[in-house]
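The values are calculated or read from the model by the stated rules, or taken from the named source; none is laboratory data. Just so you know, these numbers come straight off a predicted model, no measurement behind them. Cβ placement follows ideal geometry from the backbone for every residue including glycine, while neighbour counts extend to all protein chains displayed. Each accessible area value is taken on the protein alone, full model and side chains, heavy atoms only, with ligands, DNA and RNA left out. Shrake-Rupley method; radii C 1.70, N 1.55, O 1.52, S 1.80 Å.
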Amino acid sequence: MDYSKLTIEEINKALNALQIAEKSYIMTSTDADKQRNLLMTAKEKKILETYPIRVWQASNGKWKAHIPDKTKDRGRRTIQGETKQNLEKNIIADYLKSCDERLLFKNYYPHWLINCKAKRVKGGTIDRNHSDYLRFIEGSSIDSMMITEITTYQIKDFLNDIINEHHLTRRALNNLKSIFTGLFQDAFDAKDIPSNPMIGLRIENTNIRTETPKTAETEVFDDEDFSKLIDYMYEHYLEYQPLLTLSILLNFQLGLRVGELCTLKKSDVHFNTKEILIDRTERSYRPCELVDGKIVRHKTIHIVAEGDTKCGSNRTLSLTDESVSILKECFELHKMMNINSEFLFINSKEEHVPRERYNEILEYYCKKVGINVKSIHKTRKTTLTRLFEGGMSLEEVMGISGHRDKNTLLKHYIFTMNKKETKKKRVSEALSTGHFITKKVESTQVNPT
């Protein structure tokens, strides 16, 4: 075969294929070496034909060449050699060095994340991946290795060290593994590596932390705290009429995800049928950009995704009398304040209020009534728990919550709202037979023989 007609990229693919053939015993080492020498000779000739921008002999007899360099103002720099042969060696060495640096994990990773993975997943996933890279991988031994040299064993050893040091949960481990899995698969598809070291990799480490089951005390407002909070919020609203207070009160009726709550519009509400449409959400993430080979993270942006909710859970909910009352009050406030925005809950610029603000509002009210601070997401869990405890079936609750999986609903969203004392009383009442032993039983000594 005439290798001189191949491009450098085609020669690299042929070298990778040759390496696979040799490892798979399809070709002997002797034959592989012969083909490799021919390919490398063709590659060097192609480099000398395409890499230098200009080659010339200076007046002092030395040979010089302009080669690409993005770090320079004119996008090039000069290298030289005592003879033309020396210059050609320097040109080839510089080219191979630049290719080697590209294949360093720390250099390959940013290009992969922004140019490959970012085209396939949502911004929030990119943001999470980069946070994991900065926390666990940056500056590690693997970060400074060539991706062509990283083995399955080295990745496994690295991940076990991270598990032992940071006590990762299985979920956190899988998130971290997704970086290696995606990067090496794309590198393999691009023919930058001959095989994917993530194939067949299994992590079995007893130090993987089991996620602690969540309890009602941290996940929902119990009956007593719920009553305190609601009573105070209604009193506070009647005195000061803050618009965003209505959003918290409303979510104790609807049980929405916070992204769905903060993007509600007036057009979603249908008072005549006592229904509300849920068909959009807010998506928040920090955009990442590749600048001079480095990832730069920008400020968090909040996007309103029309016609899109988590897991495609667009739905229409029935409104309770209390939620109708809250929504009508919201509409009245819009009129009083001459608000033209379609969004129900807005800031001073009449834009929708991002999700973080709702946590701040709820935190304020929790502290005011002296109860443990909980996030806005806990209003959703409280509402769904109240519905289930009120006698609704799981299927009915799922229709309101937008869940697709019963196990997720039961494991993460359904709790009991009674305090421990109340639970003890209920257990006692449920198991009581009405009989109590009040007579003192005299002890008798038993002869062991």
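As a test of reading the structure, rank SER393, SER318 by solvent-accessible area (1.4 Å probe, protein chains only), most first.
Largest to smallest exposure gives the sequence SER318, SER393.
Against the globular-protein guess of 2.2 N^0.38 Å, express the Cα radius of gyration of the range 1-83 as a ratio, rounded to two decimals.
Normalised by 2.2 N^0.38 Å, the Cα Rg of the range 1-83 equals 1.46.
Could you name the aspartates and glutamates whose alpha carbon sits less than 18 Å from that of LYS374, not counting residues in the same chain fewer than 8 places away?
Reachable aspartates and glutamates: GLU217, GLU219, ASP222, ASP223, GLU224, ASP225, ASP231, GLU356, GLU360, GLU363.
Which percent of the accessible heavy-atom area of the chain goes to carbon and sulfur, probe 1.4 angstrom?
Ligands and nucleic acids excluded, carbon and sulfur give 50 percent.
If you average the C-alpha positions of the range 327-348 and of the range 42-61 separately, how far apart do those two centres end up, in angstrom?
70
Using alpha carbons only, how many angstrom separate the centre of the range 119-190 from the centre of the range 273-288?
Taking the Cα centre of each part, the range 119-190 and the range 273-288 sit 31 Å apart.
Take the Cα gyration tensor of the chain, multiply each eigenvalue by 5, square-root it, and list the three semi-axes largest first, rounded to whole angstrom.
Output for the chain: semi-axes of 63, 34, 19 Å.
Can you tell which of GLN185, GLN19, GLN57 shows the greatest fluctuation in a Gaussian network model of the chain with Cα springs below 10 Å?
Looking only at GLN185, GLN19, GLN57, the largest GNM fluctuation is found for GLN57.
With point charges of +1 on the Cβ of Lys and Arg and -1 on the Cβ of Asp and Glu, referenced to the Cα centre of the chain, which listed residue (LEU183, ILE47, LEU277) lies farthest in the positive direction of the dipole?
My answer, from the dipole projection, is ILE47.
Please return the longest range in the chain lying between exposed loop sites, taking chymotrypsin sites (Phe, Trp or Tyr not before Pro), DSSP loop only, at most 15 other beta-carbon atoms within 10 Å, and leaving the sites out.
Answer - 26-270.
In terms of the Cα gyration tensor, with a ≥ b ≥ c the square roots of its eigenvalues, is the range 67-106 rounded because a/c is under 1.5, prolate because a/b exceeds b/c, or oblate?
Taking the square roots of the gyration eigenvalues as a ≥ b ≥ c, the range 67-106 is oblate.
Over its Cα atoms, what ratio of radius of gyration to 2.2 N^0.38 Å does the range 209-334 give?
1.34
Any idea what angle helix 377-389 forms with the longest principal axis of the chain, computed on alpha-carbon atoms, 0 to 90 degrees, nearest 10?
50
Output ³J(HN,Hα) for the range 175-189: one whole-Hz value per residue in order, computed from phi by the Karplus curve 6.51 cos²θ - 1.76 cosθ + 1.60 with θ = phi - 60°, and x for Gly and Pro.
With the stated coefficients, the range 175-189 comes to 4, 5, 4, 4, 5, 5, 4, x, 5, 6, 5, 5, 5, 5, 4 Hz.
If you take every DSSP beta bridge whose two residues both sit in the chain, what share of them, in percent to the nearest 5, is antiparallel?
Taking every DSSP beta bridge within the chain, about 95 percent pair in antiparallel fashion.
What residues of the range 105-125 lie in the reach of a label at HIS298, counting those whose backbone N is under 17 Å from a point 7 Å from the Cα along Cα→Cβ?
114-115, 118-119, 122-125
Pull up all non-local amide H partners of PHE221: gap of 5 or more, or a different chain, and H-to-H distance under 5 Å with H placed in the peptide plane.
Amide H to amide H, under 5 Å and 5 or more residues apart or across chains, PHE221 pairs with THR382.
Determine the dipole magnitude for the chain: charges of +1 sit on the beta-carbon of Lys and Arg, -1 on that of Asp and Glu, nothing else is charged, the reference point is the Cα centre, and the result goes in debye to the nearest 20.
860
222 nm [θ] for the chain, helices only, -39500 (n - 2.57) per DSSP H run of 4+, per residue, to 500?
Value at 222 nm, helices only: -15500 deg cm²/dmol.
What whole-number value in Å² describes the accessible area per residue of the chain for a 1.4 Å probe?
59
Considering the options THR320, GLY200, PHE345, tell which one lies farthest towards the positive end of the dipole of the chain, charges being +1 on Lys and Arg and -1 on Asp and Glu at the Cβ, about the Cα centre.
Result: GLY200, furthest along the dipole toward the positive end.
Tell me whether the range 177-265 comes out rounded, prolate or oblate; compute the Cα gyration tensor, take square roots of the eigenvalues as a ≥ b ≥ c, and use a/c under 1.5 as the rounded threshold.
Note, shape of the range 177-265 comes out oblate.
Using a Gaussian network model on the chain with a 10 Å cutoff between Cα atoms, which of ASP127, ASP321, ASP186 fluctuates the most?
ASP321
Taking the alpha-carbon set of the range 260-363, what are its Rg and Dmax in Å?
Cα-based Rg and Dmax for the range 260-363 come out at 16.7, 58 Å.
What lysines sit close enough to LYS406 to cross-link, taking a C-alpha to C-alpha distance under 19 Å and skipping anything fewer than 8 places away on the same chain?
LYS214, LYS310, LYS378, LYS381
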